[in-house]
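Trainee: Sending over a structure as structure tokens; questions will come in a sec.
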Amino acid sequence: MEARAAGPSPGEAEERRHRFWMERLLRCAERVGMRGEIPVAAAVLDGQGRCIGWGSNRRHREGDPLGHAELMAIGQASRLLGDWRLNSCTLLVTLEPCPLCAGALVQARVGTLVFGAPDPKRGAVGGNLDLVHHPSAHHHTRVLPGVMAAEASQQLGDWFRRRRRLGGLSGHRA
């Protein structure tokens, strides 16, 4: 009997899928940054790994304080599913979610969060706060931090340095 080559373990397959999507999100975030928006992008995958929600920052472009990438992706996924509960879904985002977005992913009951760059100042999933694992949270999300963190951090750092060199953020605040 011939031995079959073993395929990737479930953990390796999941890691590859997360890297694949993070690469796409970083490309999207780069385009967002070229339009003057803080370069953050997010996607929601359903339980089968299909993208059902996509978003990028648009706070400054649309003058909308709720224009965060995560909120755009969560809203789109909920509308597509016809349900606000995203228990079997994965939210991927290039930057650790802020308190607003961390609260939204708890409210949406997102099953897994994958993020790239940590945000020690404004992050609410372990950076500065941890709302996802707070005892008052009615839902606890599995968190996988640091997927392509170096690339995501580099992208954000480069964007902020360029903006400062060009004369500031012209009213933009992170």
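Trainee: Quick one: among ASP46, ASP83, ASP130, which has the greatest mean-square fluctuation in a GNM of the chain with alpha-carbon springs under 10 angstrom?
Mentor: Answer for the Gaussian network model of the chain: ASP83.
Trainee: Something else about it: Over what distance in Å are the Cα centres of the stretch 101-116 and the stretch 117-158 separated?
Mentor: 10
Trainee: Nearest 20 debye, what's the magnitude of the dipole of the chain about its Cα centre given +1 on Lys and Arg Cβ and -1 on Asp and Glu Cβ? All intermediate terms of the calculation are to be shown ahead of the outcome.
Mentor: Values: 24 positive and 17 negative charges, 134 e Å.
Dipole of the chain, to the nearest 20 debye: 640 debye.
Trainee: Let me ask something else about it. Mind checking which of GLY55, GLY157, GLY36 has the largest fluctuation in a GNM of the chain, springs on alpha carbons under 10 Å?
Mentor: GLY157
Trainee: Right, another one. Excluding ligands, DNA and RNA, what is the solvent-accessible area per residue of the stretch 24-173 at a probe of 1.4 Å, expressed in Å²? Let's see the in-between values first.
Mentor: On the way: 7250 Å² over 150 residues.
Heavy-atom SASA per residue in the stretch 24-173 reads 48 Å².
Trainee: Within the stretch 69-174, list the chymotrypsin sites (Phe, Trp or Tyr not before Pro) lying in a DSSP loop whose Cβ has at most 15 other Cβ atoms in a 10 Å radius. Could the numbers behind the result be given before it?
Mentor: Working: sites: TRP84, PHE115, TRP159, PHE160; in loops: TRP84.
Here the sparse-neighbourhood loop sites are TRP84.
Trainee: So, with a 1.4 angstrom probe, what is the percent of accessible area on the stretch 71-122 that is carbon and sulfur?
Mentor: Numbers: 1180 of 2100 Å².
Ligands and nucleic acids excluded, carbon and sulfur give 56 percent.
Trainee: Looking at the chain as a GNM with Cα springs under 10 Å, which of ALA124, ALA29, ALA150 has the largest mean-square fluctuation?
Mentor: ALA150
Trainee: Calculate the tail of P(r) for the stretch 1-117: the fraction of all Cα-Cα distances greater than 21 Å, expressed in %. Walk me through the intermediate numbers first.
Mentor: Working: 2537 of 6786 pairs.
Across the stretch 1-117, Cα pairs with separations above 21 Å total 37 percent.
Trainee: Right, something else. Between 0 and 90 degrees, rounded to the nearest ten: what's the tilt of helix 149-165 against the longest Cα principal axis of the chain?
Mentor: 10
The values are calculated or read from the model by the stated rules, or taken from the named source; none is laboratory data. Being a predicted model, the structure only gives us computed values, none of them experimental. Cβ: placed from backbone, ideal geometry, glycine included. Neighbour counts: every protein chain shown. Each accessible area value is taken on the protein alone, full model and side chains, heavy atoms only, with ligands, DNA and RNA left out. Shrake-Rupley method; radii C 1.70, N 1.55, O 1.52, S 1.80 Å.
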